[in-house]
1. If amide H atoms are built 1.01 Å from N in the plane of the peptide, which residues on other chains or at least 5 residues away come under 5 Å of the amide H of A:S346?
2. Suppose each label sits 7 Å from its Cα in the direction of the beta carbon; what would the A:A248-A:K205 distance come out to in nanometres?
3. Would you mind telling me which residue in A:N76, A:N59, A:N341 has the biggest mean-square fluctuation in a Gaussian network model of chain A, where springs connect alpha carbons within a distance under 10 angstrom?
4. What residue among B:M58, B:M233, B:M168 has the largest mean-square fluctuation in a Gaussian network model of chain B, using Cα springs under 10 Å?
5. Distance between the C-alpha centers of region A:315-371 and region B:48-65? Whole Å please.
6. Can you give the calculated 222 nm mean residue ellipticity of the protein assembly as shown, where each DSSP H run of n ≥ 4 adds -39,500 (n - 2.57) and the sum is split over every residue, rounded to the nearest 500 deg cm²/dmol?
7. Taking θ as phi - 60°, what are the ³J(HN,Hα) couplings along region A:281-292 by the Karplus curve (6.51, -1.76, 1.60), each to the nearest whole Hz, with x for Gly and Pro?
8. Can you check what the net charge comes to around A:H156, using other residues whose Cβ is under 9 Å from the Cβ of A:H156 (Lys, Arg +1; Asp, Glu -1)?
Amino acid sequence: MTNRRRSWKRLYVYLLCISLLGCLCDHFIKTANAAELRGDFSLEGFLFLSNPAWQHQENQSASVAGNVEFFHDLQNNLSFTLEGFYRLDSQDKERTHGDLRLAEFLYYTDNFEITAGFGRVFWGATEFVHLTDIINQTDQVDALDGEEKLGQPMIHFSLPLDACVIEAFALPWFRERTFPGAKGRFRSPLAVDTDAAQYESSSKKYHQDFALRGSTTFADADVGLSYFRGTARDPVLLLSFDKISGSAFLYPYYQQINQTGLDIQLIAGEWLIKGEAYYRTGQSRSYAASTFGFEYTFVGIAGTMMDMGLIGEYVFDDRDNGWLPTIYENDIMGGVRLAINDMASSNILLGLIRDLDSGSTIIGIEASRRLGDSLRLTLDASFFIDMEYSDPAFAMARDDCIKLELVWYW
Amino acid sequence: MILLSTPPRLLLNAITCASLLFTAVLPAHSQTAEEKGLAIATEADQRDDGFGDYTADMSMTLRNKQGRESTRLIRSKTLEVNGDGDKSLSIFDTPRDVKGTAFLSFSHRVGDDEQWLYLPALKRVKRINSRNKSGSFMGSEFAYEDISSQEVEKYSYKHLREEELNGMLCYVGESYPVDQKNSGYTRRITWLDKAEYRLQKVEFYDRKQSHLKTLTVSGYQQYLGKYWRADSMKMINHQTGKSTTLQWTNYTFKTGLTDKDFNSTSLKRIR
């Protein structure tokens, strides 16, 4: 099984290199200024403040990662974009991974737009929890906050009309979620064996998923209504035992779902109001989830150039928590975002997530500034406080950590 | 985007048309200072009518008190909208960590502007509250309200005097933001040259009525035989000693932009 994984990884790297080379050659043969090559390279270190809770986990880790992005204007209204990512992690084999984040052709006219290939799409409005965003799989092992996504094979058709934009997505190939390996932190007591994934559909990862979205702006509101039918991006984690050694492990089980989603960004005077909700069937009983909140910005605080944004949000999720646990059951979230507005674009973000039922609290601090023109330094800290045994985040109770990251953009 | 270079514009309704005729035709002594101020602003706006659309490149250099500098490169696209404020799109090329970030703004003659920010790393379009207009634009000495389209209706006016500035006879007038609650200014004093109604200089007074910033505009060039655009704008903050210089290049008019270049679909394919 591991061999199969490796061969997939190898295939990715090959694909990446070949297409990159092909495009580069193409580029040098053709026009000089219609193409663009850029990327970034980052160093990252984690220091955990407590000894690990689970077997095999480590107290620190380091990694290097890189993104390469290539863009080529093939002709009027037709372009190709490629973005490859690779990370090498000192501890977690699962975190050493690569991905084709983007590899898509884009064709557009005044009346419609179509993309084909590995793409990335974001749906949503709120800051803390992204409920309606479902097209791309989460690269869970790469970032705890779930903001990193895997490239999703798709054909994406957009029709901008006067009053709204209609989009249709055909998703022919499912991407499995990544999970930390045995040596990784931020995981369940038992590591997830992604090679043992099971599917409800007999087509497995080749089930033809599909999605629709309509979005519009009227008055001071941006509203999106979406529908998705296909393979759930969030799997149920089930327990199994190795036939030979008898040791226990978790495996992901991907079910077929229907999800109808709504997202709103609304301006009300000096306030920004945001909300997302969905109704889903297919994983145990049908359920609804919603999150909403506000953002308010104090501009030029205390006679300086600094802006301070306050964010308050609430999430309620009515799912069958025994089948498909979430840490966002009934939680409030608060954030303070300080933009210094200096040359280095320094900013500090302080965030808090508190479960109203259990009292479990997660605090995150993120401070970042540019060094010179092309380096950015980020300091992240996460603290898990009063973690209640029943909370799904309890498994991370000992994962308080500090992370330092330096990114070089070239 | 920018608009300090773009004299305000306005499609006149019947009433303002009539009042303008009066103010233009009748001898000056029958005009109040407020009427004259409005007439001058309206004339400056009208002279830029019909530009259609244009694109331009901007380099924005921030300079601190110690003289240290940092430059951002921004491409801008502007579309004239009949009967309302401009639509504008600004795309950041540097600093490299924000490359591809885009700022979309629909300005309105009356009421709040609509603004969105596109974040390329997340492929996310975020709504922005345009009432935060006094905030710094990208760490510069320009506030959002300085770089957004300067519609005539966003201020009230008062003509002060005529005086010479850099060898040009200028109208000197005061303007007061209509949205007093959210503007960072109580008033602005503007110098417009009498010959071409081009903005030459602006002094900004903050909420405590003290002199906050001075903008100097220079290097005007005429395009399509009609529309004046400046090559350089320098904003000095007198209270902090910091300054920001905008250098404009590659002005191209009538490029064929339409509303469809300023919607959420086109925003997501910005390069």
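Just so it is clear, none of the values below were taken in a lab; they were calculated from the coordinates. These numbers were taken from a predicted model, which means no experiment stands behind them. Here Cβ is always computed from backbone atoms with ideal geometry, including for glycine, and neighbour counts include all displayed protein chains.
1. When sequence neighbours closer than 5 places are left aside, the close amide H contacts are A:I340, A:N341, A:R370.
2. A separation of 2.8 nm, rounded to one decimal place.
3. A:N76
4. Of the options given, B:M168 has the highest mean-square fluctuation.
5. Measuring centre to centre over Cα atoms gives 38 Å.
6. Details: 5 runs with 63 residues, N = 681.
The helix-only estimate for the protein assembly as shown comes to -3000 deg cm²/dmol at 222 nm.
7. 10, x, 10, 6, 7, 5, 8, 10, 9, 8, 9, 7
8. Working: positive: none; negative: A:E104, A:E113, A:E167.
Net of charged neighbours comes to -3.
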